[in-house]
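J.: Okay, here's the structure, questions in a sec.
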Amino acid sequence: MPAAGFLDRSRIVAPPGWSRWLIPPAALSIHLAIGQAYAWSVFKDPLSATMLKGSSWSGTLSALPFTLGIVMLGVSAALFGTAVDHRGPRWAMVVATACFSAGFLISAAGVALGQFWLVIVGYGFVGGIGLGIGYISPVSTLIKWFPDRPGMATGIAIMGFGGGALIASPWSSSMLSAFGATGPNAAPGGIAKTFLIMGIGYAIFMSMGWLLIRVPADGWRPAGWDPASVRERPLVSTANVSAKNAVKTPQFWLLWVVLCFNVTAGIGILERAAPLYQDFFRDEAPAKTLATIAAGFVAILSLANMLGRFVWSSTSDLIGRKNIYRIYLGVGAVLYLVLLFVGNVNKALFLICAMLILSFYGAGFATVPAYLRDLFGTYEVGAIHGRLLTAWSVAGVLGPIIVDALADRQKAAGLSGPVLYTFSFDIMIALLIVGFICNELIKPVDPKFHEPVSGNLASAGRAE
Amino acid sequence: MSESTPEATSPVRLVVTAIAWLWVLVPFLYGVWQLLIKVVPLFSR
């Protein structure tokens with residue numbers, strides 16, 4: 001059996017009776033693995049204490065593999081999105097597994113040989129391609145298996161991406177500690193061993209995804225589900241738009257702004273969570289204890305981020321995509337306003353607001369594939385999703401710049417406490433309002449962009 | 001050509017489904033547990 005045949009879309013058409021509930025764990029095995037990217041910070045101190053020892057740029061350099069990885073995530077999702085849709089999810093998952101695992105193995109070799117550039121190229125470039133292809137690999141398949149609940153289906157997978165760091169962070173920390181790669185006298189060999197084990201471990205873990213993934217047969221639909229029910233909902237189209245045409249529509253760019261500003265609003269808090277908590281509640285405890293409490297704040301935000309992906313995205317199946325983004329953006333702006341007024345007076349209210357903001361941040365990622373399905377159909381939804389993820393890359397730069405730069409400037413002016421964040425929270429509110437307006441402007445796509453109904457979609461095997 | 005797969009009512013399919021979910025849920029719950037341990041200090045005062 002030729003390898004290409006094994007990966008081919010035609011080989012993974014599900015036979016009658018195949019359970020669609022096997023598809024979410026297949027997707028999760030990919031997303032839980034690649035979500036490791038958010039736990040990269042665990043390696044920063046060991047790398048600074050070994051390979052980058054003595055460098056005045058060690059902080060920046062040790063972050064480079066992660067930064068390049070996130071850039072490559074957006075770039076590869078945009079570049080390979082069409083290939084993922086055409087070649088099918090097994091091909092995409094195998095490529096993602098190969099790239100992501102190879103990233104760790106190349107990094108292990110880089111550490112062992114004392115060549116930091118290999119860590120950057122391995123984890124950042126090669127691994128980053130795995131991140132991008134892996135992120136979009138199960139999305140269109142899930143949407144096709146769950147036409148009745150696309151928000152819930154993509155919510156499960158993308159929750160996995162949020163949860164990946166929860167697994168990777170304690171796992172890699174314990175390995176680094178066991179191999180003597182922590183503290184000022186860290187051994188580089190310990191970092192190499194950790195990378196090696198992670199590369200092999202993730203290759204095995206992700207294999208369940210590409211072994212189990214199936215696409216539904218032409219004409220398949222869930223028992224008891226009537227496609228006519230989709231047509232009854234506003235803004236939900238049964239027509240298909242190609243990725244090439246989708247980027248020509250105002251709907252794509254309005255949604256791009258919605259995603260970008262929703263992510264910016266959340267990432268601003270997430271990226272600076274620990275110092276933000278310590279600035280708000282500096283009188284709560286001595287500095288050392290406060291740092292431990294702040295770590296708890298970071299953890300609870302991660303939990304909210306992860307759960308929001310599933311809970312709110314599933315809710316969007318009931319109340320509609322436009323309405324759920326009204327909540328993310330409108331209520332999000334109100335929550336930032338509450339944070340501004342309440343400050344550090346009421347800790348419980350502060351925690352509730354911050355957790356809800358972060359749940360909306362995660363949910364924005366999880367709901368957007370279903371929103372794209374509603375607007376552009378299932379034909380090339382993976383490719384369109386890939387192109388939309390460039391909004392994430394922009395927000396990843398915008399959010400931290402707004403919060404960090406403004407807070408640092410206020411600090412330099414001699415200010416302290418919640419007032420450090422007044423101006424940046426004002427900007428977040430403004431961005432969320434702009435996002436809210438853009439969401440209001442989203443209307444059904446002009447039929448001139450639709451693919452011909454009797455075209456080659458079915459024969460191409462992409463419109464299951 | 002589709003690969004051969006268990007039928008809908010097959011106990012094999014149920015076992016495969018259970019293994020698939022355990023495969024992802026076990027590490028996921030480990031991660032959630034580690035996270036909850038960190039959250040405790042936030043509410044301890």
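J.: Provide a single number: the residues in region A:232-268 that are more than 25 Å from A:N305 (Cα to Cα) and assigned to a helix (DSSP H, G or I). Before the answer, list the steps.
T.: Going through region A:232-268, the residues more than 25 Å from A:N305 (Cα to Cα) turn out to be A:232-251.
Imposing the further condition that a residue be assigned to a helix (DSSP H, G or I) reduces the set to A:243-246, A:250-251.
Matching residues across region A:232-268 total 6.
J.: Taking A:S229, is it over 28 Å from A:I167 (Cα atoms), of a type in the set (S, T, Y) and not in a loop (DSSP other than H, G, I, E, B)? Write out each step before concluding.
T.: On the way: over 28 Å from A:I167 (Cα atoms): yes; of a type in the set (S, T, Y): yes; not in a loop (DSSP other than H, G, I, E, B): yes.
Taking the combined requirement at face value, the residue satisfies it.
J.: I would also like to ask the following. Return the residue satisfying two criteria in turn: it lies in region A:46-73 and is over 19 Å from A:G122 (Cβ atoms) and of a type outside the set (S, T, N, Q), and of such residues it is surrounded by the most Cβ atoms within 10 Å (Cβ to Cβ).
T.: If we take residues in region A:46-73 being over 19 Å from A:G122 (Cβ atoms) and of a type outside the set (S, T, N, Q), then A:A49 is surrounded by the most Cβ atoms within 10 Å (Cβ to Cβ).
J.: Checking A:L212 against (1) surrounded by 16 or more Cβ atoms within 10 Å (Cβ to Cβ); (2) away from every other protein chain (no Cβ under 14 Å); (3) at negative phi: exactly one of these is not met. Which one?
T.: Evaluating A:L212 over (1) surrounded by 16 or more Cβ atoms within 10 Å (Cβ to Cβ); (2) away from every other protein chain (no Cβ under 14 Å); (3) at negative phi leaves (2) as the failure.
J.: A further question on this structure: Just one of (1) under 30 Å from A:I106 (Cα atoms); (2) without any contact (Cβ under 8 Å) to a residue 40 or more places away in the chain trips up A:A223, so point out which.
T.: Every condition holds for A:A223 apart from (1).
J.: Related question: Could you list, in sequence order, the residues of region A:394-414 that are in contact (Cβ under 8 Å) with a residue 60 or more places away in the chain and among the charged types (D, E, K, R)?
T.: Of the residues in region A:394-414, the ones in contact (Cβ under 8 Å) with a residue 60 or more places away in the chain are A:394-396, A:398-400, A:402-404, A:407.
Passing the criteria: only A:D404.
J.: Let me ask you something else. If you scan region A:268-284, which residues turn out to be among the aliphatic types (A, V, I, L, M) and either surrounded by fewer than 22 Cβ atoms within 10 Å (Cβ to Cβ) or within 13 Å of chain B (Cβ to nearest Cβ) (or both)? Don't jump to the end; show me each part of the working.
T.: Keep residues of region A:268-284 that are among the aliphatic types (A, V, I, L, M), which gives A:269-270, A:273-274, A:276.
Listed by number, the residues that qualify are A:A273, A:A274.
J.: Tally time: how many residues in region A:285-314 are more than 17 Å from A:G35 (Cα to Cα), within 13 Å of chain B (Cβ to nearest Cβ) and in contact (Cβ under 8 Å) with a residue 60 or more places away in the chain?
T.: 0
J.: Moving on to the next point. Which one is nearest to the other protein chains (Cβ to nearest Cβ), of the residues in region A:167-196 that are among the polar types (S, T, N, Q) and either assigned to a helix (DSSP H, G or I) or surrounded by fewer than 18 Cβ atoms within 10 Å (Cβ to Cβ) (or both)? Can you show your working first?
T.: Taking region A:167-196 first, the residues among the polar types (S, T, N, Q) are A:169, A:172-174, A:177, A:182, A:185, A:194.
Filter once more, so that each one left must be either assigned to a helix (DSSP H, G or I) or surrounded by fewer than 18 Cβ atoms within 10 Å (Cβ to Cβ) (or both): A:169, A:172-174, A:177, A:185, A:194.
Details: A:S169: 7, A:S172: 12, A:S173: 9, A:S174: 10, A:S177: 14, A:N185: 26, A:T194: 17 Å.
Once the filter is applied, the top-ranked residue is A:S169.
J.: Could you grab me the full set of residues in region A:329-370 that are in contact (Cβ under 8 Å) with a residue 40 or more places away in the chain and among the small types (G, A, S)? Talk me through it step by step, then tell me what you get.
T.: Our first condition is that a residue be in contact (Cβ under 8 Å) with a residue 40 or more places away in the chain; within region A:329-370, this holds for A:329-330, A:332-333, A:336-337, A:339-340, A:343-344, A:347, A:350-351, A:354-370.
Within region A:329-370, A:G330, A:G332, A:A333, A:G343, A:A354, A:S359, A:G362, A:A363, A:G364, A:A366, A:A370 qualify.
J.: Let me ask something else. Starting from residues that are more than 9 Å from every other protein chain (Cβ to nearest Cβ) and part of a helix (DSSP H, G or I), keep the ones in region A:7-26 and report whichever is surrounded by the fewest Cβ atoms within 10 Å (Cβ to Cβ). Break it down into steps so the answer makes sense when it comes.
T.: Quick first cut of region A:7-26, residues more than 9 Å from every other protein chain (Cβ to nearest Cβ) only: A:7-9, A:20, A:23.
Subset that is part of a helix (DSSP H, G or I): A:7, A:9, A:20, A:23.
Values: A:L7: 19, A:R9: 18, A:R20: 16, A:I23: 28.
Among those that are more than 9 Å from every other protein chain (Cβ to nearest Cβ) and part of a helix (DSSP H, G or I), it is A:R20.
J.: How about region A:283-337: which of its residues are out of contact with any helix residue (DSSP H, G or I) (no Cβ under 7 Å at 6 or more places or on another chain) and of a type in the set (S, T, N, Q)?
T.: Hits for region A:283-337 are A:T289, A:N323.
J.: Out of the residues in region A:27-52 that are under 16 Å from A:V119 (Cα atoms) and β-branched (V, I, T), which is farthest from the other protein chains (Cβ to nearest Cβ)? Show your work before the answer.
T.: Step one: list which residues in region A:27-52 are under 16 Å from A:V119 (Cα atoms), which gives A:36-37, A:39-52.
The next check asks that each one be β-branched (V, I, T); those that pass are A:42, A:50.
On the way: A:V42: 12, A:T50: 25 Å.
Ranking the qualifying residues of region A:27-52, first place goes to A:T50.
J.: Also, quick follow-up: Return the only residue of A:M175, A:M152 being touching a residue at least 40 places away in the same chain (Cβ under 8 Å) and of a type in the set (A, V, I, L, M, F, W, C).
T.: Details: A:M175 fails: touching a residue at least 40 places away in the same chain (Cβ under 8 Å).
Testing whether each residue is touching a residue at least 40 places away in the same chain (Cβ under 8 Å) and of a type in the set (A, V, I, L, M, F, W, C) leaves just A:M152.
J.: Would you confirm whether any residue within region A:125-142 is farther than 21 Å from A:W210 by Cα and surrounded by fewer than 24 Cβ atoms within 10 Å (Cβ to Cβ)? Break it down stepwise before answering.
T.: Quick first cut of region A:125-142, residues farther than 21 Å from A:W210 by Cα only: A:125.
Next cut, surrounded by fewer than 24 Cβ atoms within 10 Å (Cβ to Cβ) only: A:125.
Within region A:125-142, one or more residues are farther than 21 Å from A:W210 by Cα and surrounded by fewer than 24 Cβ atoms within 10 Å (Cβ to Cβ).
J.: Can I ask one more? Could you list, in sequence order, the residues of region B:17-45 that are more than 7 Å from every other protein chain (Cβ to nearest Cβ) and either at pLDDT below 85 or under 12 Å from A:W18 (Cβ atoms) (or both)?
T.: B:F43, B:S44 - these are the residues of region B:17-45 that are more than 7 Å from every other protein chain (Cβ to nearest Cβ) and either at pLDDT below 85 or under 12 Å from A:W18 (Cβ atoms) (or both).
The values are calculated or read from the model by the stated rules, or taken from the named source; none is laboratory data. Since the model is a prediction, treat every value here as computed from it, not as a measurement. For neighbour counting, all protein chains shown are included, and Cβ atoms are generated from backbone atoms with ideal geometry for every residue, glycine included.
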